[in-house]
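So the structure is just underneath, and the comments pick up after that.
The values are calculated or read from the model by the stated rules, or taken from the named source; none is laboratory data. Predicted model only: the values in this text are computed from it and were never measured. Positions of Cβ are generated from backbone atoms using ideal geometry, with glycine treated the same way; all protein chains shown enter the neighbour counts.
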């Protein structure tokens, strides 16, 4: 399994590294994983870009010191505070109509195990009016993890976010952003690994998650950036 570590020098270059990882999996048929701390930013989804308050939301993010970017998938805005983790597991597929639920289950179970290793027992689901609401989330005193999937003809990317620390900063910027978008959001719905009693060290959490995704596979480690 190809294992990417670190982040690129800029937001755009960092996103390109994940896109390249997915394309390589589709070409060579070997799975790959990346767990890292993206640059500080608010990543808006396509649904956000269609809202009347989108430009005001982008301005609100920037005013809080979170550069606004737009991702090419659906979902609502997600904030990365610099300590927030992202994870991405890319796998080759033969049929895009099959395996969706299995991939969600394997990823969710892996994150659950990793968080137990760093001191947090999570429950599946999320509080009302959470950030980027979805059916594949983990919570403990607030939403800690969100998971989504992107499926193309030859590969699938199961990816998500883990709030390790800086819960207040994430909640504050998203309160402004969702308010501008006119989307329901409760700042108290934001959780974090640290607030739930686990370690706030993103490197320890990153290592635990990567280890669970790699499992018994032979890891070929590459540095990003």
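Side notes on the structure shown:
- Filtered by the rule that a residue be surrounded by fewer than 22 Cβ atoms within 10 Å (Cβ to Cβ) and not in a loop (DSSP other than H, G, I, E, B), region 127-146 gives a lone residue, 139.
- Filtered residues of region 82-114 (kept if part of a strand (DSSP E or B) and farther than 20 Å from residue 29 by Cβ): 85, 86, 87
- Count of residues meeting criterion [without any contact (Cβ under 8 Å) to a residue 24 or more places away in the chain, surrounded by fewer than 20 Cβ atoms within 10 Å (Cβ to Cβ) and more than 17 Å from residue 51 (Cβ to Cβ)] in region 168-179: 1
A quick yes/no check of all residues on (1) in contact with a helix residue (DSSP H, G or I) (Cβ under 8 Å, 6 or more places away or on another chain); (2) closer than 20 Å to residue 3 by Cβ; (3) at pLDDT below 95:
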{"residue": "137", "(1), (2), (3)": "no, no, no"}
{"residue": "172", "(1), (2), (3)": "yes, no, no"}
{"residue": "190", "(1), (2), (3)": "yes, no, no"}
{"residue": "200", "(1), (2), (3)": "no, no, yes"}
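- Scanning region 26-47 for residues that are part of a helix (DSSP H, G or I) and either out of contact with any strand residue (DSSP E or B) (no Cβ under 8 Å at 6 or more places or on another chain) or modelled with pLDDT of 95 or more (or both) turns up 27, 28, 47.
- The selection criterion, being assigned to a helix (DSSP H, G or I), without any contact (Cβ under 8 Å) to a residue 24 or more places away in the chain, in contact with a strand residue (DSSP E or B) (Cβ under 7 Å, 6 or more places away or on another chain) and crowded, with 17+ Cβ neighbours inside 10 Å, holds for residue 58.
- Here is the figure for region 180-215: residues that are within 30 Å of residue 53 (Cβ to Cβ), assigned to a loop (DSSP other than H, G, I, E, B) and free of Cβ contacts under 8 Å to residues at least 40 places away in the same chain total 0.
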